[in-house]
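No lab work stands behind these numbers, since they all come straight from the coordinates. Here the structure is a predicted model, which means the values were calculated and not measured. For neighbour counting, all protein chains shown are included, and Cβ atoms are generated from backbone atoms with ideal geometry for every residue, glycine included.
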Amino acid sequence: MQARAAEVAENAANGAPSLPTTIGQELATNPFLRASSPEIQQRLGLEGQPLEMVFGEVRKRKDRF
């Protein structure tokens, strides 16, 4: 995810879009599509919680980012 974030930041700095992308790339790097990921749940401290709760927490953190 860090490599993708750096790529997007570089594109933005150069006035280039972050698109196109692939479904595979989005599934690997987009936290909104990874609510069921144990890694995401662990980082949020929400292991075993309902996916909508995990997604909601990702959304809250995005809003504060």
- Starting from the Cα gyration tensor of the chain, multiply each eigenvalue by 5, take the square root, and state the resulting semi-axes largest first in whole Å. 25, 13, 10
- Note on the structure: In degrees, nearest 10, the alpha-carbon axis of helix 2-13 is tilted away from the dominant principal axis of the alpha carbons of the chain by 40
- Low-density loop GluC sites (Glu not before Pro), the chain, at most 11 other Cβ within 10 Å, DSSP non-H/G/I/E/B, are GLU47
